[in-house]
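The values are calculated or read from the model by the stated rules, or taken from the named source; none is laboratory data. The structure presented is a predicted model; accordingly, all values stated were derived computationally and were not measured. In this analysis, Cβ positions are derived from the backbone assuming ideal geometry, glycine residues included, and neighbour counts consider all displayed protein chains.
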2 protein chains.
Amino acid sequence: MEKLKLKSIYSEFRTDLEFIERELNRSVHSASPMLEDACLALIGSGGKRIRPVFTLLASKFGDYNPSVTAKAAVPLELIHMASLVHDDVIDDADLRRGERTVKSIHGNRAAMYVGDFLLGRSLEIIGELDSQEVHRVLSRTMIEICVGEIIQIEDKFAAEQNLRDYLRRIKRKTALLISSSCELGGLVAGADPATVRKLKRFGYYVGMSFQITDDLLDFTGTEKQLGKPAGGDLLAGNITLPAIYGLRDPELRPYLLDALGGGLDKAGVAKLLGLMRNSEAIRESVRISDLYLEKALREAEALPDIPDRDSLIRIAKFIGKRKF
Amino acid sequence: MEKLKLKSIYSEFRTDLEFIERELNRSVHSASPMLEDACLALIGSGGKRIRPVFTLLASKFGDYNPSVTAKAAVPLELIHMASLVHDDVIDDADLRRGERTVKSIHGNRAAMYVGDFLLGRSLEIIGELDSQEVHRVLSRTMIEICVGEIIQIEDKFAAEQNLRDYLRRIKRKTALLISSSCELGGLVAGADPATVRKLKRFGYYVGMSFQITDDLLDFTGTEKQLGKPAGGDLLAGNITLPAIYGLRDPELRPYLLDALGGGLDKAGVAKLLGLMRNSEAIRESVRISDLYLEKALREAEALPDIPDRDSLIRIAKFIGKRKF
């Protein structure tokens, strides 16, 4: 039902997206059949394609040329995919979105180099655009994502962190790549600088709302919706916004500390999730996500009034409120 | 003794190398102290700096400018370091060159992102040079290294491979990065195209000789020289040139097959190494390495006659004959 809704928003620019999808497939062509197969399977396993969609729509605010836009959209999606493959190596994950991971099929060593290969290809493709600015944005994004991942490790299991620590982390982890998707879409299409800046900010705010919603779903989603048991982030030591607010609640705090300390059994986790779902911690987190969403919508409304602006707005609303 | 010899060759351009070393340290500056510390420790643990030295000397064949050369040398060394860090994650290695690895100090997840960060930084720095050609060479090199690693996995434990499989693999794994170090050194200094092509070929041949020597040392080196037990590559399933020739020898073949099948105990490995050391397989491998070295020297001798040409030649001779 939710996925259908996203599909119907996407249908307006289906042809353009299909072109990017073909370019994505073409981008992983390689002398090694194992490498190419692994990449094609990764691409085929889907995902919401949020980043390419934003790059595509952002390009419409300039002189839209599908093959130029693809040269920005494809590298961004490849970076995203590389980070997923590398995460699966570390997390020793055998399944992602219900499909077997590269790691589980080809082993850790192959998955490591599949990830590195995707990063390399992404920088090769962006290099075909003769723009230092575009190059700079992409390599910066890649770096900041890594810094974000390292900070996330440093902050793990640290119960006494504040809202700012969390926001700084999700900015690097998620919002930046979405922000860069919007910025680069505008840049490569030659949109005017003021529009590019608005697109960049729009992407940043959407990305923040997107990640907070993701973190909320870890507490409020069902195993069926999530494709994995709820509460997994918390048990892995990732202290997200609902947990930060929850730790301030005298009723929730002991449960959360136990969960972080590894001392909560399955029944305890179920009890914690039940308490969380009806808590102020969740309501307050939703409020923060909504604030970012509103900021995103305000940026979008300041963009030139073209039909694609409405698509941007509809997608932003959708991903801020989604259930998967 | 051997290390001292290398140091004395390097002393001729020590000031330039120290500048690159400082730029290398500066390149890993980051908002995360853990990330920066891990990178600085990596840089500090040394290595022969073969690649930066070649980039530096190659630059002397054009208009040499230290800070421009560093923008090529640093990214190449960062790519090399990234591949070492990622190898340590996969090999679960706690020590490299006698020092604790990033993985062993900060864990696998951090090591993964330290590697990705180094790749990102390398592409950011090369992007500061406004040359699509330079950018293309670097991203291509990065990709081919990954393809090489994947092919190495595909070829693992495959006893019936031939010389061409091996050469193709070490080209991607080692020779290409050394070749690119020479090529980019010439390119960024604006050396003429014919000279750049010679430098590139010189690096390729040196790289091939370098890797064959490395693979020989796995059979002929002592644990003290290698910093790890001899025969390790073979036991890990990496079939190198001496092994390919050894498999054609009726006396050595059963030992090698047993080693690859995991059915050789410590005494068996010692016996195999003893037989190998005096075998035609080793002599023939040395011959191939020497052929590449000769080709490298021929390219070098065709380069413009400047003092740095002699340094190139001396280093090439050294690394083709080294004992560590």
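Brief remarks on what is shown
- Looking only at residues in the stretch A:18-48 that are assigned to a loop (DSSP other than H, G, I, E, B) and not small (G, A, S), the one that is farthest from the other protein chains (Cβ to nearest Cβ) is A:K48.
- Helices (runs of 4 or more DSSP H) wholly inside the stretch A:234-293 that include at least 3 residues being within 23 Å of the chain's Cα centre (by Cα) and surrounded by 14 or more Cβ atoms within 10 Å (Cβ to Cβ): A:241-246
- Filtering the stretch B:1-12 to residues that are without any contact (Cβ under 8 Å) to a residue 24 or more places away in the chain, assigned to a helix (DSSP H, G or I) and not hydroxyl-bearing (S, T, Y) leaves B:L4, B:K7.
- Residues satisfying the stated conditions in the stretch B:211-228, i.e. farther than 20 Å from B:K295 by Cα and in contact (Cβ under 8 Å) with a residue 40 or more places away in the chain: B:L217, B:F219, B:T220, B:G221, B:Q225, B:L226, B:G227
- Boolean, B:T15 is in a helix (DSSP H, G or I), closer than 24 Å to B:R309 by Cα, away from chain A (no Cβ under 14 Å) and out of contact with any helix residue (DSSP H, G or I) (no Cβ under 6 Å at 6 or more places or on another chain): yes
- Taking the stretch B:54-75 as the range and being surrounded by 24 or more Cβ atoms within 10 Å (Cβ to Cβ), in a helix (DSSP H, G or I) and touching a residue at least 60 places away in the same chain (Cβ under 8 Å) as the test, the residues that pass are B:F54, B:T55, B:L56, B:L57, B:A58, B:S59, B:T69, B:A72, B:A73, B:P75.
- Some residue of the stretch B:131-139 being more than 12 Å from every other protein chain (Cβ to nearest Cβ) and not basic (K, R): no
- Residues that are among the charged types (D, E, K, R) and within 20 Å of A:S67 (Cβ to Cβ) within the stretch A:112-122 comprise just one, A:R121.
- Applying the criterion of being facing chain B (nearest Cβ under 7 Å) and free of Cβ contacts under 8 Å to residues at least 40 places away in the same chain to the residues of the stretch A:94-130, the residue that is surrounded by the fewest Cβ atoms within 10 Å (Cβ to Cβ) is A:D130.
- Long-range neighbours under 7 Å by Cβ, at least six apart or interchain, first residue over 13 Å from A:G221 (Cα atoms) within the stretch A:265-278, second part of a helix (DSSP H, G or I) and among the acidic types (D, E): A:G268/A:D258
- B:L303 fulfils the conditions (1) under 23 Å from B:Q152 (Cα atoms); (2) buried (at least 17 other Cβ atoms within 10 Å of the Cβ); (3) over 20 Å from the mean Cα position of the chain (by Cα) except for a single criterion, (1).
Each row is one residue, and each column tells you yes or no for (1) touching a residue at least 60 places away in the same chain (Cβ under 8 Å); (2) crowded, with 24+ Cβ neighbours inside 10 Å; (3) at positive phi; (4) not acidic (D, E).
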| residue | (1), (2), (3), (4) |
| --- | --- |
| B:E183 | yes, yes, no, no |
| B:G190 | yes, no, yes, yes |
| B:A194 | no, no, no, yes |
| B:R197 | no, no, no, yes |
| B:S209 | yes, yes, no, yes |
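- The lone criterion from (1) away from chain A (no Cβ under 11 Å); (2) in contact (Cβ under 8 Å) with a residue 12 or more places away in the chain; (3) among the aliphatic types (A, V, I, L, M) left unmet by B:V85 is number (1).
- The residues of the stretch B:123-176 that are more than 28 Å from B:T69 (Cβ to Cβ) and of a type in the set (S, T, Y) amount to a single one, B:Y166.
- Any hit, the stretch B:53-76, residues being among the β-branched types (V, I, T) and within 11 Å of another protein chain (Cβ to nearest Cβ): no
- Which numbered condition A:L199 fails, given (1) in contact with a Cys (Cβ under 6 Å, 6 or more places away or on another chain); (2) more than 30 Å from A:G62 (Cβ to Cβ): (2)
- Unmet requirement for B:K224, which otherwise passes all of (1) at pLDDT below 90; (2) not in a helix (DSSP H, G or I): (2)
- Candidates A:L35, A:L57: the one that is touching an Asp or Glu at 6+ places or on another chain (Cβ under 7 Å) and at pLDDT 85 or above is A:L57.
- Members of the stretch B:140-171 found to be acidic (D, E), out of contact with any Asp or Glu (no Cβ under 7 Å at 6 or more places or on another chain) and more than 10 Å from chain A (Cβ to nearest Cβ), listed by number: B:E160
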